[in-house]
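Colleague: Take a look at the following structure, please.
The values are calculated or read from the model by the stated rules, or taken from the named source; none is laboratory data. Quick caveat: nothing in here was measured; it's all calculated off a predicted structure. Don't worry about glycine lacking a Cβ; one is built from the backbone with ideal geometry, like all the others, and counts go over all protein chains shown. Just so you know, the surface numbers come from the protein's heavy atoms only, side chains and all, with ligands and any DNA or RNA stripped out. Shrake-Rupley method; radii C 1.70, N 1.55, O 1.52, S 1.80 Å.
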Amino acid sequence: MFDSIMTANQKLLSNLVYNQQNIKARKFSLDSGVEYIFLKITTHNMSEVSRLKSQITTRFSLGGFQIRSEASTFLAQQLQPLDETERKKWITNVANHVQGQCLGLPVVEKQHIELAIKEANNTGLEDTETIFRVISAFDVPSFVYCEEKKKFLPDTCKKSLLAVPDAKSHYIRERYWLLWQKTCRHETFSRWMAPGTDEMGKKNRLTLRKVENILSTSMMKDVVLLGLLTQLTEGRYYLEDPTGSVPIDINTANFSSGLFCEGSFLLAHGKYCDGILKVDEVGFPFPELGVNSRAFFGSVNSWGGPSKTLLKHSRNLAELEKANVEHSIVFLSDCWLDNPVVMDKLNHLFRGYDEFPPVAIVLMGPFAKANENVYSLKNLFLKLGEMLSECEKLISQTDLVIVPSIDDPAAANILPRPPIPYALTEELKKRFPRTILTTNPCRLQYCTQQIVVCRADLVTKLCRNTIHFPKEGLLEEHFARTIIHQSTIAPLTPIAFPTHWNYDAALSLYPLPDLIVIGDPCQGFHTTEQDCTVMNVGSFPKSKFAFKVYYPSSKTVEDSQIPDEE
C-alpha cells in the first residue's frame, strides 16, 4: 500500500512539473502582448489620476486651500473607480468636510483627506446624531470674529470662572464686533438715506462710523454710530466702541421699538457738534436670520455637543423631525417642591403625560419657595422621585431636565449657574434615571432644532432698567426684538445682570436658535421674530398652574393648564 501511494505522488509531481513548463512557454510567447496591454492600462490610469488631481486642486483652490500633491494623488486614487457624477459629488463632499476641520493653515495634508473621507463615509444616525441632547453652558463653544477672513474662528483660550481682568473688556469687545460685522453687510443699511434725500443721492448716503472718526472733526452731519450705551459720569450717557467714547444727547431722539438699557448696543443717527452727538433717531443693530449667520461659521459645530459638524444640516435628523409630529417638550417654571399644592398639580401633570410621554419635561427653579435650609431640598427631590417612579412610560421614554434658578442653593447669583449638586438630587436620579442636571442657561438640541433655556427675571429687569419705555405695542414684541437684535440674553450691565466674563458665549443668541425659552415670573407669552420663537413660561403656581408645550415638528407653542379639581 505504501508503494502505491509513492507511485501516485510521483505521477502528481511529474504533472505539476509539466504544467509549469507549459505555462512558462505560453508566457514567453505572449510576453510582448502582455507588456503592451499593461503599458496601455498604466498610461490610461496615470492620465485619469492626473485629470482628477487637476479637478481636486481647482476645487480646493476655490475654497482658499492649497492641497499637497500627496494628498491630491491619494484622493484621486480613491475616486478613480467611480463614475464622473459620483466623483464631482465626492470632491465637493470631501472639501466641505476639510473646511469643517478648521485647519490652522490653509494647507491640506493627506491626513486631513483621510479624516474627511472617514467622516463622509458615515451613513445613518451616528453616535453624535441623537434625537435629544442637553448641552451645558460651560460646554458651549466660543468663537471670535476674524476681520481678514470674514468668518468666525474657534477661541482656543482656556476658560475659567476666575477670569483675568482683561476678560471683561474682551467679552464686551467681542459683542461689539459681532454686531458690527452683521450691521455692515446688512442690505438695508446700504440704502439708509438721510431724511429728505432721494434714493439716487449717492453723496448723501450714510456711512457707519466709529468714535475716532467723529472725534477727529469739530462738526459732522448725518452721523451713524454703533456703540455701547454707558454712563461714564453720573447722569450723562455716552456711546462707546473700541476706539473711544462720545457723549450723546437723546432728549429729543425718536426711539424705535424695544427696551433700551444701559449695557446694550445702540445704532444712533444724528449730528456731531461741539463735542456732543445730538441724536435724532435711536435703534438697535440690524437682526439677521439664523440661516444667514451660520454661513460665516462653515460646517463647524457652533452650537455645542460632541458632533464635529452642526446637526442643523443633518438630513437623517430632519426626516425624523418631520415624521414625529406628536413629539413635544414641556416647560414649567417656579416648581416649588415645598408647596403641597404645587406637588399635587405636578402629580396630575406627570400622571396625565404618562399616557402620552413627551420627549422631555423641563423643570425650572426655584425648587423651594423658602430657602432657609439647603438640605431640605434633598427630601423634596426624594418626594419628586417617588412621584415619578409610579409613571412607567415616563421612566422609559422621557428625559427630566432640571434647570436651577439663581435662588437655588450652592451657587452665587451669577450666570451661567452650575447645576444643582448631585448630593441633593441623588435619590431623584435613583428613582428616575433619565434625570439630567444642567446649567442655567442651557441649550437643548432636538433633531435639527436649537433651543436656549434660561431661568431669569429677564423681562422684569429689562423693563426696570430701560431708559425709554415704549408707549405702543405689546411687551412681548418689544422684549423679543431687544434680545434678538442684541444677539444675547443679557443686554444689560454686569451690575444689573451679573455674568461670568469668560462664558459670555453661553448667553449668545448668534446665530439665532429656533426657540428661546425664558422663565420669568411675569405673565407667560410667546411671539415670533426673525423666524425665532421667543417664549416666556411664566410662574407655574402664580399663573394658576399654567405651562407651555412646544411641538418641534410644526414649531408651535401650546398654552396648557392643569384645571382645578372643582
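Colleague: Report yes if some residue within the stretch 515-536 is more than 18 Å from residue 483 (Cβ to Cβ) and surrounded by 14 or more Cβ atoms within 10 Å (Cβ to Cβ); otherwise report no.
Modeller: no
Colleague: For the stretch 90-113, check the following and say yes or no: at least one residue is within 30 Å of residue 230 (Cα to Cα) and either at pLDDT 85 or above or not small (Gly, Ala, Ser) (or both).
Modeller: Checking the stretch 90-113: not a single residue is within 30 Å of residue 230 (Cα to Cα) and either at pLDDT 85 or above or not small (Gly, Ala, Ser) (or both).
Colleague: Checking residue 479 against (1) over 19 Å from residue 401 (Cβ atoms); (2) open to solvent by 10 Å² or more (accessible area, probe 1.4 Å), only one condition comes out false. Which one?
Modeller: (2)
Colleague: Follow-up. Just to be sure I understand the filter: pairs with C-beta atoms under 7 Å, separated by 6 or more residues or on different chains, first member in the stretch 410-427 and more than 21 Å from residue 507 (Cα to Cα), second member in a strand (DSSP E or B). Which pairs pass?
Modeller: Close Cβ pairs satisfying both conditions: 422/437; 425/402; 425/435; 425/437.
Colleague: Something else now. Can you tell me which of 81, 141, 154 is within 30 Å of residue 447 (Cβ to Cβ) and loosely packed, with under 15 Cβ neighbours inside 10 Å?
Modeller: Result: 154 is the single residue among 81, 141, 154 that is within 30 Å of residue 447 (Cβ to Cβ) and loosely packed, with under 15 Cβ neighbours inside 10 Å.
Colleague: Now for a separate question. When you scan the stretch 202-282 for strands (runs of 3 or more DSSP E) that lie fully inside it, which ones turn up with 1 or more residues that are over 25 Å from residue 475 (Cα atoms) and among the polar types (S, T, N, Q)?
Modeller: By residue number, 219-233, 244-249.
Colleague: Now for a different question. Within the stretch 158-173, can you find the residues that are under 23 Å from residue 297 (Cα atoms) and exposed (fewer than 11 other Cβ atoms within 10 Å of the Cβ)?
Modeller: 158 - this is the single residue of the stretch 158-173 that is under 23 Å from residue 297 (Cα atoms) and exposed (fewer than 11 other Cβ atoms within 10 Å of the Cβ).
Colleague: Going by what's in this entry, would residue 478 be described as farther than 19 Å from residue 414 by Cβ and under 20 Å from the mean Cα position of the chain (by Cα)?
Modeller: no
Colleague: Within the set of pairs 6 or more residues apart or between chains, which connect a residue that is more than 24 Å from residue 304 (Cβ to Cβ) inside the stretch 493-506 to a residue that is basic (Lys, Arg) with Cβ atoms less than 9 Å apart?
Modeller: Filtered contacts from the stretch 493-506: 496/461; 496/464.
Colleague: Out of all the residues in the stretch 114-136, which are modelled with pLDDT of 75 or more and among the acidic types (Asp, Glu)?
Modeller: Answer for the stretch 114-136, where residues must be modelled with pLDDT of 75 or more and among the acidic types (Asp, Glu): 114, 129.
Colleague: How do the pairs read when you match residues in the stretch 448-474 that are open to solvent by less than 40 Å² (accessible area, probe 1.4 Å) with residues anywhere that are in a loop (DSSP other than H, G, I, E, B) and among the β-branched types (Val, Ile, Thr), using Cβ under 9 Å and keeping only pairs 6 or more apart or on different chains?
Modeller: Every condition considered, the pairs that remain are 452/489; 453/438; 454/489; 455/406; 455/537; 456/406; 456/489; 458/489.
Colleague: Which one of these is of a type in the set (Val, Ile, Thr), part of a strand (DSSP E or B) and closer than 25 Å to residue 411 by Cβ: 516, 483?
Modeller: Checking each option against the conditions leaves just 516.
Colleague: Determine the pairs where a residue that is assigned to a helix (DSSP H, G or I) and surrounded by 13 or more Cβ atoms within 10 Å (Cβ to Cβ), located within the stretch 368-380, has a partner that is of a type in the set (Asp, Glu) and at pLDDT below 90 with Cβ atoms under 7 Å apart, the partner being 6 or more residues away or on another chain.
Modeller: none
Colleague: Something else: Scanning for something part of a strand (DSSP E or B), modelled with pLDDT of 95 or more, open to solvent by less than 40 Å² (accessible area, probe 1.4 Å) and polar (S, T, N, Q), does the stretch 537-558 turn up at least one residue?
Modeller: no
Colleague: What number of residues within the stretch 381-425 satisfy the criterion of being under 22 Å from residue 445 (Cα atoms) and either aliphatic (A, V, I, L, M) or buried (at least 17 other Cβ atoms within 10 Å of the Cβ) (or both)?
Modeller: 16
Colleague: Are any residues in the stretch 489-500 touching a Ser or Thr at 6+ places or on another chain (Cβ under 9 Å) and surrounded by fewer than 21 Cβ atoms within 10 Å (Cβ to Cβ), and if so, which ones?
Modeller: The one that is touching a Ser or Thr at 6+ places or on another chain (Cβ under 9 Å) and surrounded by fewer than 21 Cβ atoms within 10 Å (Cβ to Cβ): 493.
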